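Each reported figure results from applying straightforward, stated rules to the coordinates on display, with no laboratory input. Values in this document were obtained by computation on a predicted structure and should not be read as measured data. Neighbour counts run over all protein chains shown; Cβ positions are idealised from the backbone, glycine included.
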Amino acid sequence: MDGLRLNLGSGMNPRPGYVNVDRFGTPDLRHDLETFPWPWTDDSVQEIVLNHVLEHLGQDPNVFLEIFKEMYRVCRGGATVQIVVPHFRHDYFYGDPTHVRAITPNTLHLFSQRLNREFIRGQFANTPLGLYLGVDFELIETRFKPSETWFRLHPEPQVDLEKLLFQGSIYNNLIEEIQMMLQVVKPPSGAAVP
Ligand SMILES: C[S@@+](CC[C@H](N)C(=O)[O-])C[C@H]1O[C@@H](n2cnc3c(N)ncnc32)[C@H](O)[C@@H]1O
């Protein structure tokens, strides 16, 4: 797959081999990602990286949804979108006034047409954003980075994931960040809604 690689909100960490984009500084391209359309053609991108960026974008939910529509438009089928965010129960999330919302695996599931059809079949209340917006992203990988606090409580190097997720669902500051990988599904899998 020979498309563009975009490092969106590159800040002070540009990546070689990527088009580094930010609204500040001296990236390869200065662009406000809340301004549409984005300056790339349909199906031209094979990889997007958003490292500690998505939680800064789209305070207005309509702008947030437009960002997903633009990512879908510019990506080709099979493209990946790597999203790393601070965990919503960590002080790193609360400490930055430019964080506009928590991003969780469940946030990203809303953009999967396969799961949207399951919501509909199960009469769940989740909003089927994939079907509503005509986008389709599958969450193919989720990793949880334990914090320093976790390792102080549990110094053994082998992390018990079940315990991390259970205790991390109750207590603050045990999980530092969530690393998620979306894959773009084109054509959308949910064209026919039952
Ligand atoms: C926390 S920094 C992360 C920087 C970089 N990705 C890294 O890993 O070090 C967030 C970056 O997103 C950029 N950013 C925030 N809102 C943006 C927008 N609307 N358009 C473009 N860049 C934006 C900021 O300027 C900042 O450089």
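Using the Karplus equation 6.51 cos²θ - 1.76 cosθ + 1.60 (θ = phi - 60°), what ³J(HN,Hα) coupling, rounded to whole Hz, does each residue of region 144-154 give in order, writing x for Gly and Pro?
Listing the rounded values in order: 10, 8, x, 8, 4, 4, 4, 5, 5, 7, 10 Hz.
Could you name the lysines whose alpha carbon sits less than 19 Å from that of Lys69, not counting residues in the same chain fewer than 8 places away?
Once the sequence-local lysines are set aside, what remains near Lys69 is Lys186.
For region 128-194, build the charge dipole from Cβ charges (+1 Lys, Arg; -1 Asp, Glu) around the Cα centre, then report which of Val135, Ser169, Gln183 sits farthest towards its positive end.
Val135
Using the 10 angstrom Cβ neighbour count as an exposure proxy, how do Phe64, Phe144 rank, fewest first?
Phe64, Phe144
Once you have the alpha carbon radius of gyration of the chain, what is it after dividing by 2.2 N^0.38 Å, with N set to its residue count?
So the chain has a normalised radius of gyration of 1.07.
Could you list which residues have their amide H under 5 Å from that of Asp136, counting only those 5 or more apart in sequence or on another chain, with H placed in the peptide plane?
Answer set, sorted by chain and number: Val185.
Of His99, Val84, Phe68, which is farthest on the positive side of the dipole of region 61-102, counting Cα position, with +1 on Lys and Arg Cβ, -1 on Asp and Glu Cβ, and the Cα centre as origin?
The listed residue farthest towards the positive side: Phe68.
Could you name the lysines whose alpha carbon sits less than 17 Å from that of Lys145, not counting residues in the same chain fewer than 8 places away?
Hits, sequence-local ones excluded: Lys163.
What does the helix-only formula give at 222 nm for the chain: each DSSP H stretch with n ≥ 4 adding -39500 (n - 2.57), the total divided by the residues, and the result rounded to the nearest 500 deg cm²/dmol?
-6500 deg cm²/dmol
Which of the peptides 99-110, 123-134 is most tightly packed, and how do the rest follow, going by the mean number of other Cβ atoms within 10 Å of each residue?
Highest mean packing first, the order is 99-110, 123-134.
For the peptides 25-31, 151-157, 7-13, 79-85, what is the packing order when you average, over each peptide's residues, the other Cβ atoms within 10 Å and list the highest mean first?
79-85, 7-13, 25-31, 151-157
Glu177's amide H: which non-local residues (gap 5+, or another chain) put their own amide H closer than 5 Å, with H modeled 1.01 Å from N in plane and none for Pro or chain starts?
His87, Lys145
Rounded to two decimals, what is Rg over Rh for region 1-82 when you use alpha-carbon atoms and the Kirkwood radius?
0.93
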